[in-house]
Amino acid sequence: MELAVRGRGSIEIRAIYTIGRNYRDPAAASDDGPERPLVYGKATTSLAADGSVLGWDRSLTANVDGECELGVVVGGDGSALGYTIVNDVTSRDPWLDGDQWLLGKSMPGFCPVGPSIVPADQLDPADLRLGMRLNGVDVQDGRTSQMRFAIAEILAYLARHVRLEEGDLIATGTPVRIGPLADRPLESGDVMTCWIEHVGELTTTVVDQPRSTK
């Protein structure tokens, strides 16, 4: 999947890394987060564009939600080329989220990205407001300044273990969930709108998909 870089052509998205538990809860009395970045991943076949329609086999999982995350697109020198929005759609069933997290994050359409990439020299990501609305109701509203590990720390940590390449995508974590729909799984007809100030909005609509007969 290619994604436009504002004013600078486009780039193909390659490997996808996601960082878990990277946001502090501003309401929590203490911070019991991880001592190093928790790195997960998503298959590239889960990529979807802004405005996409999302359906999956609910006989595999019915307990699915989405999360707004600041996405970092890696440049050829291993630094941040630019920033975008990632909706980290994930199954929360224990046999996927607990045991088979890669499968629970990688069904087709489970990684909406967009609407475009803001070049790194045009945006300071240190304190951006971000969140998600489900059918117009806030389910997330936080700031990137709540990250436990900053973007530079995440890039350095990943680079110690894997070879980062141009077009790799890093979803840097997500704020805590809030409001009356915080714990409700996605249902047919739902509209998820992820937003990050100075980056834009990323919208995905949920539909029913027939159960697999295999």
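The values are calculated or read from the model by the stated rules, or taken from the named source; none is laboratory data. Note that this is a predicted model, so its numbers are computed, not measured. Glycine gets a Cβ as well: all are built from the backbone with ideal geometry, and neighbour counts include every protein chain shown. We work out accessible area using only protein heavy atoms, side chains counted, and drop any ligands, DNA or RNA first. Shrake-Rupley method; radii C 1.70, N 1.55, O 1.52, S 1.80 Å.
Would you point out the residue of the range 35-59, among those that are over 20 Å from Thr172 (Cα atoms) and not β-branched (Val, Ile, Thr), that is surrounded by the most Cβ atoms within 10 Å (Cβ to Cβ)?
Among them, the one singled out is Leu54.
Considering every residue within the range 11-34, establish whether at least one is surrounded by fewer than 16 Cβ atoms within 10 Å (Cβ to Cβ) and over 22 Å from Gly173 (Cβ atoms).
The answer is yes; a qualifying residue exists.
Could you list, in sequence order, the residues of the range 60-76 that are open to solvent by less than 10 Å² (accessible area, probe 1.4 Å) and out of contact with any Ser or Thr (no Cβ under 8 Å at 6 or more places or on another chain)?
Those that are open to solvent by less than 10 Å² (accessible area, probe 1.4 Å) and out of contact with any Ser or Thr (no Cβ under 8 Å at 6 or more places or on another chain): Val74, Gly75.
Identify all residues within the range 1-23 that are in contact (Cβ under 8 Å) with a residue 24 or more places away in the chain, part of a loop (DSSP other than H, G, I, E, B) and more than 14 Å from Val113 (Cβ to Cβ); write none if there are none. Even if it seems obvious, please write down each step before you answer.
Filtering the range 1-23 down to residues in contact (Cβ under 8 Å) with a residue 24 or more places away in the chain leaves 1, 3-8, 11-23.
Going one step further and asking which of them are part of a loop (DSSP other than H, G, I, E, B), we end up with 1, 6-8, 13-15, 21-22.
Within the range 1-23, Arg6, Gly7, Arg8, Arg21, Asn22 qualify.
Among the strands (runs of 3 or more DSSP E) lying completely within the range 135-214, list those that include at least 1 residues that are surrounded by fewer than 20 Cβ atoms within 10 Å (Cβ to Cβ) and out of contact with any Leu (no Cβ under 6 Å at 6 or more places or on another chain).
137-143, 191-196, 200-206
Name the single residue that is least open to solvent (accessible area, probe 1.4 Å) among those in the range 98-134 being free of Cβ contacts under 8 Å to residues at least 24 places away in the same chain and closer than 22 Å to Ala150 by Cα. Break it down stepwise before answering.
Restricting attention to the range 98-134, the residues satisfying the condition of being free of Cβ contacts under 8 Å to residues at least 24 places away in the same chain are 98-100, 103, 121, 124, 127.
In the following step, the residues that additionally are closer than 22 Å to Ala150 by Cα were identified as 121, 124, 127.
Values: Asp121: 112, Asp124: 108, Asp127: 75 Å².
Ranking the candidates gives Asp127 first.
Taking Ser59 as the residue in question, decide whether it is closer than 20 Å to Glu153 by Cβ and over 15 Å from the mean Cα position of the chain (by Cα).
no
Within the range 139-160, which residues are in contact with a Lys or Arg (Cβ under 7 Å, 6 or more places away or on another chain) and of a type outside the set (Phe, Trp, Tyr)?
Val139, Gln140, Arg143, Gln146, Arg148
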